[in-house]
Amino acid sequence: MVGAVFRPSAVLFACGMNSVRSPMAAAITRTLFPREIYVRSAGVRQGELDPFVDAVMAEIGIDMASHRPKTFEQLDESGFDLIITLAPEAHHKALDITRAEAVDVEYWPTLDPTLATGSREQILNSYRGVRDQLMARIKKRLDWAPSPSG
């Protein structure tokens, strides 16, 4: 498959607590591929809503108000074509639960911006960095192209 990119029809993004990285990735993917890719996110452990995620996603026009952190066990869906893990613990969990399934699991090492310290602006910059890294990686992996209508 030289030059061609497999674009899955159903993607699950996973991280530690489904509070920061995986919901950002899922929301970006939904925005870039509306009605093209079914997208969900999950975490290994139950997380809490993160106001910094709301702030940096609102900067690019994405509303995170409907996101509720979920664990793998709380997912109502299965049958994903691709699981993208953003933290080591999520990668191990995804490999463990998909051993008997035909699903691709990819690990995208992604910094945890909740570990950032400093001023509010420095912390927001850490979240923006993760958001922008995820945006670039998603566009490349899923072969995004802007719509011809502009």
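The values are calculated or read from the model by the stated rules, or taken from the named source; none is laboratory data. This one's a predicted model, so the numbers in the text were calculated from it and none came from an experiment. So basically every Cβ, Gly included, is an ideal-geometry build from the backbone, and we count neighbours across all protein chains shown.
Quick rundown of the values:
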item	result
Some residue of segment 116-127 being assigned to a loop (DSSP other than H, G, I, E, B) and within 28 Å of Asp81 (Cβ to Cβ)	no
Where a residue in segment 44-63 is over 20 Å from Lys93 (Cβ atoms) and touching a residue at least 12 places away in the same chain (Cβ under 8 Å) and its partner, wherever it lies, is of a type in the set (S, T, N, Q) and exposed (fewer than 15 other Cβ atoms within 10 Å of the Cβ), with Cβ under 7 Å and at least six apart	none
Some residue of segment 66-75 being surrounded by 13 or more Cβ atoms within 10 Å (Cβ to Cβ) and without any contact (Cβ under 8 Å) to a residue 24 or more places away in the chain	no
Complete set of residues in segment 1-18 that are surrounded by fewer than 22 Cβ atoms within 10 Å (Cβ to Cβ) and within 24 Å of Tyr127 (Cα to Cα)	Gly16
Residues located in segment 20-36, provided they are under 21 Å from Gln133 (Cβ atoms) and either out of contact with any strand residue (DSSP E or B) (no Cβ under 7 Å at 6 or more places or on another chain) or modelled with pLDDT under 95 (or both)	Val20, Met24, Ala27, Ile28, Thr31, Leu32, Phe33
Residue among Ser66, Ser119 that is farther than 25 Å from Arg35 by Cα and not aliphatic (A, V, I, L, M)	Ser119
Residues of segment 82-110 that turn out to be part of a loop (DSSP other than H, G, I, E, B), at pLDDT 95 or above and of a type outside the set (S, T, N, Q), as a count	4
Among the candidates Ala55, Ala27, residue that is farther than 14 Å from Arg141 by Cβ, crowded, with 18+ Cβ neighbours inside 10 Å and touching a helix residue (DSSP H, G or I) at 6+ places or on another chain (Cβ under 7 Å)	Ala27
Arg45 being out of contact with any Lys or Arg (no Cβ under 6 Å at 6 or more places or on another chain), assigned to a loop (DSSP other than H, G, I, E, B) and either under 27 Å from Leu115 (Cα atoms) or of a type outside the set (Lys, Arg) (or both)	yes
Residue identified as in contact (Cβ under 8 Å) with a residue 12 or more places away in the chain, touching a strand residue (DSSP E or B) at 6+ places or on another chain (Cβ under 6 Å) and surrounded by fewer than 18 Cβ atoms within 10 Å (Cβ to Cβ) among Asp143, Asp104	Asp104
Residue, surrounded by the most Cβ atoms within 10 Å (Cβ to Cβ), within segment 128-140, restricted to residues that are among the basic types (Lys, Arg) and over 18 Å from Thr85 (Cβ atoms)	Arg128
